[in-house]
Structure formats: structure tokens, C-alpha cells
Amino acid sequence: MLDEDMQRVVGAQRLGYVASVCPDGTPNLSPKGTVAVWDHNHLVFAHLHSPGTVTNIEAGNVVVEINVVDPILRKGYRFKGPATVHRDGATYDAGLRFYFDRSGLEPRRIEAIVIVEVQRAEAVISPAYDDGAGEDEVEQRSLTMYRLCRDAQSN
């Protein structure tokens, strides 16, 4: 399900926006700086400060959508599927090790590991491409708009 480009984008961006549904039916959208690829069919994020998202999942509204988009290229992916919250056990322990090895995230900071089974994945492409612009042009427009420049090492 998660092809090479999807995995690349998630790995490069790390920040994803997770949408869930509150018990009263209203939407909840929360940024997660720990979104990562767990395996070819699953994404993961650590519950550090995600009380609304995790409460919604544990209340039975298990389907979430995660959007991961490169803000400069204005392309990315949306991933949808059921989420499972792990507060102990083998998956929880594996998640703690994963985040410590990946970024040094201290296990004591992680309240739970959330695994999302990706059942649907779709590209997100900005209308900035509608005029026929390619990635280089959209990238330059974004860099100019945000008054940024690429580090010489990233070229």
C-alpha cells in the first residue's frame, strides 16, 4: 500500500495532520510531528500531546486520515484507515524503541503508540500545478513567497 514515494515523503516531512471524529460528530484536526512509516501497510505516531485524537479513537471513532504534504513542493499524500492505540505490550514497546532509535525521543514522554492501517492512499497535489508548472517552478515560487532559499547541500 505505501509505495516508495509515499514512504519518502513521510520520512522527509515527519509532520502530518491527523483528522479524527469527536464523539459529538465534530471534526478534530491535530498536527503530529512523529508521523512515520511503520511498515508497508501502516503509519505510526506517538501520543505525546494528543488527548483529543486518542480519546476519539478509543471512543470508537477509529478511522483517521493523515495528510503529509511537502509545503515547498506543495505535493504529498492523504492516508486513511483504522487506528489502534497501544498503551502497553509488544507493539507499544517496539514503538518506544523505534522513536528512541529514530530521534532519541525519551520513552517516558510517550503515553501511547498509535498504529494506522492504511486502507486508502491518494496523492495531494496543489492547484499551483494547474497552470502547467513543474516541481522546480512551484518550488521556486514557494521559496520566494516564504523568503527562503535552499541550502547548497540540499541541491
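The values are calculated or read from the model by the stated rules, or taken from the named source; none is laboratory data. Computed from a predicted model, the values in this text were never measured in an experiment. Here Cβ is always computed from backbone atoms with ideal geometry, including for glycine, and neighbour counts include all displayed protein chains. Just so you know, the surface numbers come from the protein's heavy atoms only, side chains and all, with ligands and any DNA or RNA stripped out. Shrake-Rupley method; radii C 1.70, N 1.55, O 1.52, S 1.80 Å.
Evaluating Arg8 against the criteria (1) within 30 Å of Thr144 (Cβ to Cβ); (2) not in a helix (DSSP H, G or I) leaves one unmet condition, (2).
Here are the criteria: (1) in contact with a Gly (Cβ under 7 Å, 6 or more places away or on another chain); (2) in contact (Cβ under 8 Å) with a residue 40 or more places away in the chain. Tell me which single one Arg78 does not satisfy. Tallying (1) in contact with a Gly (Cβ under 7 Å, 6 or more places away or on another chain); (2) in contact (Cβ under 8 Å) with a residue 40 or more places away in the chain, Arg78 fails exactly one: (1).
When Leu143, Leu73 are screened for being part of a loop (DSSP other than H, G, I, E, B), more than 14 Å from Val18 (Cβ to Cβ) and touching a residue at least 40 places away in the same chain (Cβ under 8 Å), only Leu73 passes. Just to be sure, is Ser142 at pLDDT 95 or above and open to solvent by less than 50 Å² (accessible area, probe 1.4 Å)? The answer is no for Ser142. One residue stands out among those in region 98-139 that are hydrophobic (A, V, I, L, M, F, W, C) and part of a helix (DSSP H, G or I): the one that is least open to solvent (accessible area, probe 1.4 Å), which is Val138. For Ala36, the criteria (1) of a type in the set (A, V, I, L, M); (2) under 20 Å from Ile125 (Cα atoms); (3) open to solvent by less than 30 Å² (accessible area, probe 1.4 Å) hold in every case but one, which is (2).
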